[in-house]
Amino acid sequence: MLLACMRSCVAAGVAALALLLLLLGWPVGPAVTTSFAQDAGATIWTVPEIGALPDDANGRLVRRGRDLITATYAHIGPEVADPANRFAGNNLACGNCHLQAGTKKFGIPLFGLFGKFPHYNARLGAEMTIEDRLNACMTRSMNGRALPAGGPEMQALVAYIKFLSTGVAPGQLLPGMGTGNMPELDQAADPTRGAASYASTCGACHGPNGAGIRRSLPTTDLGYMMPPLWGSDSFNDGAGMARLITAANFLHFNMPHGVDYLNPQLSPEQSWDIAAYVLSQPRPHKAGLDKDFPDLLEKPVDAPYGPYADGFSEQQHKYGPFAPIRAAIAKLKAEKAGGPSPAPR
């Protein structure tokens, strides 16, 4: 009787812990199981520990992939010694956007992604493999060229993402993916207001000219302590971070440096306006953006480049407000499907 009561208490405690973790937004799933959880039949997923990998071929490949994420510039950046390895066109690291080596919640994490590929991609208008997705980052965020699909760098990156998905069940959606979802404004984001907020909040780290802080002279491959947000060494205008919704949410849940989603420091209004200011600044242009999203009805409302199917200006697509655009797209989709137009909200 006493043993049964103890087991009941343990099970109740584990259930309460799991509920608390869910309420706090921690990913709960099947990768890591505590001894108490085993007794109670409960499981808790956490990011796998790379330091626990053995020093074998797979362990070294995964660690190589992690190094490519955290110090991209040192391995495949534009300043590396071997010109054949200069795949990245800027001195950013993948980890500048995929924070904490792709393990931070709402910092565009890489965990849990491996099993989601291949899948249909609207920007491509076709099925996308994980290699395609990584090369989209290479040609857009890194403003460079595609990695060979079977090359050692691609194999290492895929191995690392696969490792970060250890224990994630097929179809399981982990919390903390993407950049979060704060309330949108009912008016356009304002780059002018954003300039003032940028100067007081962001300029000390990223510089008044958005050029970031280098670790060394520009002729070496040591990258940035703080990355540039615009200019020739930043992401190009076809990158996901060049879209206002992505950039604003990323700022809100991750900036200033050290902030997380549990304790945001920027208000939604500040985040929208600072993002608008950053995205109003010059950056490299990616050729062929007019070929993105073959079905224009699938184009994101904040895509900052045309063509568009909805009749709204590039300015509104870049800065919002987005609700009228969504309503117009919903109406066009309903007309295309031959059904009634959705009622206005």
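Values as computed for the structure displayed
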{"item": "For the chain, built as a Gaussian network whose Cα springs stay under 10 Å, the top-fluctuating residue of G144, G223, G51", "result": "G51"}
{"item": "Violating pairs (Cα-Cα greater than 27 angstrom) within the set K104/K162; K105/K162; K105/K331; K299/K336; K105/K336", "result": "K105/K331; K105/K336"}
{"item": "Option label - mean projected area of the Cα convex hull in nm² computed here, alternatives (i) 21.7; (ii) 20.4; (iii) 19.0", "result": "(i)"}
{"item": "Contour excess over end-to-end distance, with Cα ends at F312 and M225 and 0.36 nm allotted per residue", "result": "27.4 nm"}
{"item": "Förster radius 30 Å - calculated FRET efficiency between N181 and D56, Cβ distance, rounded to 0.05", "result": "0.15"}
{"item": "Cα gyration tensor, segment 107-254 - rounded (a/c under 1.5), prolate or oblate", "result": "oblate"}
{"item": "Spin-label pair S200/T166, simplified geometry with 7 Å Cα→Cβ offset, distance in nm", "result": "4.6"}
{"item": "Selected from V278, P256, L134, residue furthest toward positive end of dipole (the chain; charges at beta carbon)", "result": "L134"}
{"item": "Unit charges at the beta carbon, dipole of the chain: most positive-side option, V168, L185, V80", "result": "V168"}
{"item": "Estimated dipole of the chain in Debye, rounded to 20 [Cβ of Lys and Arg +1, of Asp and Glu -1, Cα centre]", "result": "180"}
{"item": "Inter-probe distance in nm under a simple model that places probes 7 Å from Cα toward Cβ, at L217 and H119", "result": "4.6"}
{"item": "Rounded accessible area of H252 (nearest 10 Å², 1.4 Å probe)", "result": "20"}
{"item": "Hydrodynamic radius of segment 107-188 per Kirkwood, over alpha carbon pairs, in Å", "result": "14.4"}
{"item": "Global form of segment 55-168, assessed from the alpha-carbon gyration tensor, a/c cut-off 1.5", "result": "rounded"}
{"item": "Under the span-like rule (Cα at least 30 Å along the axis, Kyte-Doolittle mean at least 0.5), DSSP H helices of the chain", "result": "2-24"}
{"item": "Sequence-distant residues sharing a close amide H with R214 (under 5 Å, placed H)", "result": "M225"}
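The values are calculated or read from the model by the stated rules, or taken from the named source; none is laboratory data. Because the structure is a prediction, the values reported are computed rather than measured. Note that we place each Cβ from the backbone using ideal geometry, even for glycine, and neighbour counts take in every protein chain shown. Remember, those area values only see protein heavy atoms, side chains included, never the ligands or the DNA or RNA. Shrake-Rupley method; radii C 1.70, N 1.55, O 1.52, S 1.80 Å.
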